[in-house]
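Written out below as structure tokens is the structure these notes cover.
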Ligand code: GLU
């Protein structure tokens with residue numbers, strides 16, 4: 001098997017470098033801009049190839065759903081450590097013909113054979129060290145939901161077949177893409193995990209860590225996409241690809257090159273056959289004359305963004321620093337409620353409507369002191385009894401352990417007919433489980449580590465067979481008078497929620513343009529003693545917010561990807577069909593925004 005070919009930059013430019021790959025000049029990356037304004041359709045993602053593919057689909061008459069699936073498949077090629085057919089995600093769609101927002105929950109499920117102590121090392125009786133030990137495992141692999149999401153979206157709203165939607169990405173995988181700094185860095189950071197498996201070594205480390213500027217090809221994935229298109233998703237959920245996935249989870253192709261424990265998983269073909277992507281209603285809250293729609297559980301994105309907005313609407317701060325204080329306090333309260341109440345609604349009674357109720361928010365807003373930061377963690381509210389009246393605080397605060405990673409990717413599309421998609425997809429950890437399905441060119445997720453590691457029967461996010469682990473993904477579409485005006489989302493584990501919220505606050509409350517709202521420095525308060533913030537945020541607002549009692553930790557080591565919070569991709573829909581596609585100007589190396597017909 002030759003799964004990847006790495007070509008040097010000089011070969012990509014056609015210089016005389018020995019070796020078979022040097023004969024053909026490699027591809028050039030499409031131009032990359034963070035903001036594009038125009039008409040006829042728009043795509044925003046982290047990656048120029050994915051955005052270009054989405055735009056091409058739109059130009060050829062495809063709609064926003066076709067473009068979203070094609071671009072997502074392209075991200076499976078160029079961002080294989082963040083997303084792909086081995087993972088899951090959440091798809092929010094506005095249908096211009098009916099004026100309705102619907103969503104697809106394409107979250108992975110736990111296999112029927114998973115046990116409550118799946119993440120406990122039998123040798124020690126304690127949880128496996130989270131990373132790299134637990135995440136690099138078969139036991140963390142959930143039943144992939146992404147192929148079912150794509151099929152469901154295309155059948156319901158698309159105009160292309162799955163084969164047509166996957167074709168450009170298959171071509172991209174075949175011809176290759178130009179390695180950028182982020183891809184090289186992420187490969188290097190995961191090299192030990194990939195070296196643990198023969199299949200992953202062959203694909204990502206065949207010639208060592210790929211150098212920026214070289215071309216990375218993945219012919220195995222090209223074949224996989226073609227076959228998936230030809231056979232349909234039953235190839236995974238009821239066919240040979242599924243059998244290969246199951247074999248890989250139960251018996252990962254160990255290389256012997258590392259001593260990671262690699263606990264195996266129990267996934268069977270029955271688990272694959274039982275998988276369903278779920279079409280469901282979005283969450284909805286009113287905010288300052290807008291209607292904000294998002295993902296209902298199993299993601300906590302919609303309820304936590306929505307509850308925070310409701311609290312902010314109650315407290316109605318004005319001015320940048322007071323608004324940021326309220327933003328940080330509102331998310332602490334909403335995260336307390338998320339931890340207490342949100343899990344997979346097929347297994348847990350999730351009080352989604354209470355969490356989004358204005359009267360509940362009124363009562364929660366009683367806990368927000370406009371002049372002082374509360375001591376964290378703050379306790380959860382009581383969804384069984386609220387009347388909006390401020391009374392004595394109840395309950396004890398509980399600190400959630402937060403093991404979500406900073407992987408994942410988001411894309412937003414809009415078409416000439418007014419349809420809009422906000423789609424966040426992931427394989428959880430950067431590099432997922434680290435296990436490539438042999439000869440198939442894609443990584444399996446480690447999404448089940450989003451369950452709480454230690455079983456507690458009172459925890460809504462406890463491990464259970466067949467269950468979806470709670471997510472933070474927050475693809476969001478904002479409507480005004482029933483029509484979409486803004487769609488966005490972000491990667492970033494549980495910081496997804498605060499990132500989406502902060503951009504909404506920047507745009508809708510502080511009056512920033514969308515590019516400024518996305519570029520602005522970020523901070524995230526998830527009910528912890530200290531606020532995690534980008535250095536630029538601390539520089540700009542740290543002193544003023546410290547006066548309220550906020551304490552800060554600068555996110556990540558300087559220069560690392562963890563120093564950045566989120567990577568937003570959004571589209572704003574203006575009057576007269578004017579579209580502004582916006583991606584990150586610098587985070588994760590800068591994203592890529594494009595429109596079908598640029599404004600003059
Ligand atoms: N697994 C996370 C979630 O579902 C996303 C992972 C990430 O963004 O790093 O919320």
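Scan the stretch 509-519 and tell me whether some residue there is under 30 Å from residue 145 (Cα atoms) and either within 16 Å of the ligand (Cβ to nearest atom) or at pLDDT 95 or above (or both).
yes
Within the stretch 541-567, how many residues turn out to be closer than 18 Å to residue 429 by Cα and touching a strand residue (DSSP E or B) at 6+ places or on another chain (Cβ under 8 Å)?
So the count comes out to 4.
Exactly one of (1) farther than 23 Å from residue 247 by Cα; (2) at pLDDT 95 or above; (3) in a loop (DSSP other than H, G, I, E, B) is unmet by residue 113. Its number?
Here residue 113 meets the rest and fails (1).
Taking the options 436, 454, name whichever one is away from the ligand (no atom under 15 Å from the Cβ) and in contact with a helix residue (DSSP H, G or I) (Cβ under 8 Å, 6 or more places away or on another chain). I'd like the intermediate steps shown before the answer.
On the way: 454 fails: in contact with a helix residue (DSSP H, G or I) (Cβ under 8 Å, 6 or more places away or on another chain).
Only one candidate qualifies: 436.
Starting from the stretch 472-484, keep only residues that are over 19 Å from residue 499 (Cα atoms), then list their pairs with residues that are within 16 Å of the ligand (Cβ to nearest atom) and in a loop (DSSP other than H, G, I, E, B) whose Cβ atoms are within a distance under 9 Å, requiring at least 6 positions of separation or different chains.
none
Output the number of the condition that residue 545 fails; it satisfies all remaining conditions of (1) more than 25 Å from residue 318 (Cβ to Cβ); (2) crowded, with 21+ Cβ neighbours inside 10 Å.
Single failed check for residue 545: (1).
Report, by residue number, each residue of the stretch 152-189 that is within 19 Å of the chain's Cα centre (by Cα) and surrounded by 23 or more Cβ atoms within 10 Å (Cβ to Cβ).
Answer for the stretch 152-189, where residues must be within 19 Å of the chain's Cα centre (by Cα) and surrounded by 23 or more Cβ atoms within 10 Å (Cβ to Cβ): 153, 183.
Pick out, from the stretch 249-324, the strands (runs of 3 or more DSSP E) lying fully within it that include 2 or more residues that are crowded, with 19+ Cβ neighbours inside 10 Å, away from the ligand (no atom under 16 Å from the Cβ) and touching a residue at least 40 places away in the same chain (Cβ under 8 Å).
Output list reads 283-287, 290-294.
For residues that are in contact with a strand residue (DSSP E or B) (Cβ under 7 Å, 6 or more places away or on another chain) and assigned to a loop (DSSP other than H, G, I, E, B), tally how many sit in the stretch 434-451.
Final tally of qualifying residues: 4.
A quick yes/no check of all residues on (1) within 16 Å of the ligand (Cβ to nearest atom); (2) farther than 19 Å from residue 149 by Cα; (3) in contact with a helix residue (DSSP H, G or I) (Cβ under 7 Å, 6 or more places away or on another chain); (4) in a helix (DSSP H, G or I):
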{"position": "38", "(1), (2), (3), (4)": "no, yes, no, no"}
{"position": "49", "(1), (2), (3), (4)": "no, yes, yes, yes"}
{"position": "52", "(1), (2), (3), (4)": "no, yes, no, yes"}
{"position": "75", "(1), (2), (3), (4)": "yes, no, yes, yes"}
{"position": "83", "(1), (2), (3), (4)": "yes, no, yes, no"}
{"position": "89", "(1), (2), (3), (4)": "yes, no, yes, no"}
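For the stretch 457-475, which positions are within 14 Å of the ligand (Cβ to nearest atom) and touching a helix residue (DSSP H, G or I) at 6+ places or on another chain (Cβ under 7 Å)?
Once the filter is applied, which keeps residues that are within 14 Å of the ligand (Cβ to nearest atom) and touching a helix residue (DSSP H, G or I) at 6+ places or on another chain (Cβ under 7 Å), the stretch 457-475 yields 469, 470, 471, 472, 473, 474.
Can you name every residue in the stretch 531-550 that is touching a residue at least 40 places away in the same chain (Cβ under 8 Å) and in a loop (DSSP other than H, G, I, E, B)?
548, 549, 550, listed by residue number.
Does the stretch 480-496 contain any residue that is under 19 Å from residue 311 (Cα atoms), assigned to a strand (DSSP E or B) and within 16 Å of the ligand (Cβ to nearest atom)?
No.
The values are calculated or read from the model by the stated rules, or taken from the named source; none is laboratory data. Quantities reported herein were computed from a predicted structural model and do not represent experimental measurements. Note that we place each Cβ from the backbone using ideal geometry, even for glycine, and neighbour counts take in every protein chain shown.
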